[in-house]
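Visitor: This is the structure I have questions about; it appears just below.
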Amino acid sequence: MDFAPENYYNKSPHATYRCEYHFVWVPKYRYKILVEDVKPVLKEILTQLCEWLEITIIEGSICDDHIHMYLSVPPKHSPSYVMKVLKGKSSELLRKRHPMFRKRMLKWNMWARGYFVSTVGLDREMVRKYVRTQEEEQANEEQLRLWRDV
């Protein structure tokens, strides 16, 4: 068996690890609220939260109605804790920073209750490619819908 390169594993003071997860979550009712002017703000917020939690973002994609993130998470954090922080804090910070969310979403949570998480192992490159192409696929689907509606 071949050994992986040194940067294949992360190191902390007391552990050497490779804990990678693919997370997906959606806005409540799958509303398409993650539009052009919201995406950069949300990307900045999620980046800051991941830095705060010492999480490495391997790939990420924000589509109009869902988010994909492929993350390397330290073993001190469980996947449920990561989602609790990312969904909770991003909702709170988006409401503070973006006027649309202050007015429209005071009465309901921004994110749907559930989420998808999967560990990433040998299929690492396949997951990276999948997350990277999500926005392209959404644009292609919208283009096809335009032609069908005519």
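The values are calculated or read from the model by the stated rules, or taken from the named source; none is laboratory data. Bear in mind the structure is a predicted one, so any value in this text is a computation, not a measurement. Cβ coordinates were reconstructed from backbone atoms using ideal geometry, including for glycine residues, and neighbour counts include every protein chain displayed.
Visitor: Go through the range 1-96 and tell me which strands (runs of 3 or more DSSP E), entirely inside it, have 2 or more residues that are within 20 Å of Met126 (Cβ to Cβ) and not β-branched (Val, Ile, Thr).
Guide: Where strands (runs of 3 or more DSSP E) fall fully within the range 1-96 and carry at least 2 residues being within 20 Å of Met126 (Cβ to Cβ) and not β-branched (Val, Ile, Thr), they are 20-25, 56-62, 67-72.
Visitor: Within the range 47-65, how many residues turn out to be crowded, with 16+ Cβ neighbours inside 10 Å and either on the phi > 0 side of the Ramachandran plot or aliphatic (A, V, I, L, M) (or both)?
Guide: 5
Visitor: For the range 4-46, give me each residue that is under 19 Å from Ile58 (Cα atoms), loosely packed, with under 14 Cβ neighbours inside 10 Å and touching a residue at least 60 places away in the same chain (Cβ under 8 Å).
Guide: Within the range 4-46, just Ser12 meets the criteria.
Each row is one residue, and each column tells you yes or no for (1) at pLDDT below 90; (2) in contact with a Phe, Trp or Tyr (Cβ under 9 Å, 6 or more places away or on another chain); (3) of a type in the set (Lys, Arg).
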position	(1), (2), (3)
Lys39	no, no, yes
Ile45	no, no, no
Cys50	no, no, no
His66	no, yes, no
Met83	no, yes, no
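Visitor: Could you list, in sequence order, all residues of the range 117-138 that are modelled with pLDDT of 75 or more and among the hydrophobic types (A, V, I, L, M, F, W, C)?
Guide: Val117, Val120, Met126, Val127, Val131
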